[in-house]
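Quick notes on the structure that follows.
The values are calculated or read from the model by the stated rules, or taken from the named source; none is laboratory data. This structure is a prediction, so every number in the text was calculated from the model and none was measured. Counting neighbours? That spans all protein chains shown, and the Cβs are built from the backbone with ideal geometry, glycine included.
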Amino acid sequence: MAAAAAAADPWQVAAPRKRRSAARRSGRRVAVARGPAAQPETDLETVFRRLREAGEDLRISDFWSSALETINRCLTKHREQLQAPAGTISQALGNLHLDDSSPDASAGAQDCSPGELLVTAAHHLKCVCYGIGNFATCVIARNQLAFLLLFLEKSQIPRSHCCVYDPLFSQLEVAVLHALGVTVLSENEEGKRSLCGEPTIFYMLHCGTALYNNLLWSNWSVDALSKLVIIGNSFRGLEERLLTRILQKDYPYVAKVSHGLEEFPFTQTPQYMDVFNDTSVHWFPAQKLKQLSEDTWSFRAEPDYQDCENLEIIRNQTKDPSAADLNS
């Protein structure tokens, strides 16, 4: 009964997850449950309550209003790009509204305070979430899940159109996500998911650079990247933190696409500094992508990371059992 009630509740969200440097984030994913922000894993009802509380706190925060504005600016440009070539694509993303006056707005969306942005999208828009972490025990991970659920509500993306995966999910967390109505992936894709022509938002906070590199490789064409939006680590920040030779050798797709994207950073507030620091919304203007050299697009080698140091990714054990553990 508790799980069913929570699944129908739009506010299944919740509190803070700590950002580390690029060289140390992988250690956080393993040890975070033992940190000071960790709480004992408990039952479904308790997790739902904590998520709801986190969602309520987030919804009334200055950060949430600011983040919606940032996402809306990016999605407005992305929508215009999708509309330009063909009307059928525009139907896939729908319209963006700057207020909550739409008669089709969901019940949760009608709770918006005056002036709060409402980002709405048609039901064909997909969302994929990687690396959210252990939200049952980690406050930061729970806040990030809270943000995702609020975003799905405000953008009118059905939860069933959102796929979620983290190799560290516990059985309790998988049960919670199923009850929430999102699609829990059963296989570690290592970020290698093709859009298959569907406009998709990837929600990847504090993930390793290899995961972004794999995602770009899987969609390495002007057509595919122009349908992609990434909410995650600042690509500009990745360039600043990594030596150019390391970025080009280990993460060539991240390096090559740097001149083919636009980035909208989240405005930081003290309350959510550890949760959303170094987070930006990225989209890939087709005009910029077409200006990249032919050599850029002819390079299509699959990433292998054999000689990569400080690799932050959990490998697919069915492909490479020896690389199943995080390398830090």
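Look at the stretch 172-196: where a residue is touching a residue at least 40 places away in the same chain (Cβ under 8 Å) and surrounded by fewer than 20 Cβ atoms within 10 Å (Cβ to Cβ) and a partner is outside any helix (DSSP H, G or I) and acidic (D, E), sitting 6+ places away or on another chain with Cβ atoms under 9 Å, you get L172/E41; L172/D43.
No other residue among A224, A175 is in a helix (DSSP H, G or I), modelled with pLDDT of 95 or more and under 19 Å from R79 (Cβ atoms) apart from A224. Residues of the stretch 260-308 that are touching a residue at least 60 places away in the same chain (Cβ under 8 Å), among the polar types (S, T, N, Q) and in a helix (DSSP H, G or I): Q271 alone. For beta carbons closer than 8 Å, sequence separation of 6+ or different chains, a first residue in the stretch 210-227 that is closer than 20 Å to D295 by Cβ and a second that is outside any helix (DSSP H, G or I) and aromatic (F, W, Y), the qualifying pairs are N213/Y251; L225/F284; S226/F284. Among the residues of the stretch 232-251, those that are closer than 16 Å to E309 by Cα and either charged (D, E, K, R) or touching an Asp or Glu at 6+ places or on another chain (Cβ under 6 Å) (or both) comprise R241, R245, K249, D250. Residues in the stretch 197-220 that are within 22 Å of A136 (Cα to Cα) and surrounded by fewer than 22 Cβ atoms within 10 Å (Cβ to Cβ): M204 alone.
For the stretch 165-180, the condition of being of a type in the set (D, E, K, R) and touching a Pro at 6+ places or on another chain (Cβ under 7 Å) holds for none of the residues. Taking each residue of the stretch 153-164 that is under 16 Å from P199 (Cα atoms) and looking for partners that are of a type in the set (S, T, N, Q) and in a helix (DSSP H, G or I) with beta-carbon atoms closer than 8 Å, six or more apart or interchain, yields nothing. Candidates R193, R142: the one that is touching a Lys or Arg at 6+ places or on another chain (Cβ under 7 Å), of a type in the set (K, R) and either outside any helix (DSSP H, G or I) or modelled with pLDDT of 95 or more (or both) is R142. Out of the residues in the stretch 273-301 that are among the aromatic types (F, W, Y) and modelled with pLDDT of 95 or more, which is nearest to L205 (Cα to Cα)? In this case the residue turns out to be F276.
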